[in-house]
Amino acid sequence: MRKELVSIGDDYWIEDEQGRRAFRVDGKVLRLQKTFVLEDPEGAEVATIKKRLVALRETMTIERGGRTAARVRKAFFAPFRQRFDVDVEGGGPELVIQGNITDHEYDVRREDTTVAEISKRWFGLRDTYAVDVAPGEDAALMIGLTVAVDWMGHEEHDDD
């Protein structure tokens, strides 16, 4: 996942391990709330990631087909590490995203199992991440979580 150095609205492509375009993130400008649309290479909407306007703690929702698929919340207290709690709709165990805020290294865990790893450490370009998704996991959901963590993990947002 690599953000462009200059773009209008936070638009960027996400490539697979072979360098093929897998998803596009379209950051919507001129919206009341921060919104990103995740699209497949043909431009079909896969998910929408939105920052909730009113919440006790910073929250973003991931919607699919007009329905909430997951809610990502910054943890109230997580000493020495950054943590996000993810409520997945439709039952199923919740996910926890935890990592090192300065190195941008995160694990996405379901109970005791790592389902994805998000890493910025090995890349020299600005805002470039590797997202390693475990076999059988929902890649689009993991990319949506990465977009949310990237946005919520930065403290300096102009349009909050």
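The values are calculated or read from the model by the stated rules, or taken from the named source; none is laboratory data. Owing to the predicted nature of the structure, the values given are computational and were not obtained by experimental measurement. Backbone-built Cβ (ideal geometry, glycine too); neighbour counts: all protein chains shown.
When the stretch 64-114 is filtered for residues that are out of contact with any Phe, Trp or Tyr (no Cβ under 9 Å at 6 or more places or on another chain) and among the aromatic types (Phe, Trp, Tyr), the ones remaining, listed by number, are 76, 77, 80. For beta carbons closer than 6 Å, sequence separation of 6+ or different chains, a first residue in the stretch 93-110 that is without any contact (Cβ under 8 Å) to a residue 60 or more places away in the chain and a second that is outside any strand (DSSP E or B) and of a type in the set (Asp, Glu), the qualifying pairs are 93/111. Among the conditions (1) under 26 Å from residue 22 (Cβ atoms); (2) at pLDDT below 90, residue 115 misses just one, which is (2).
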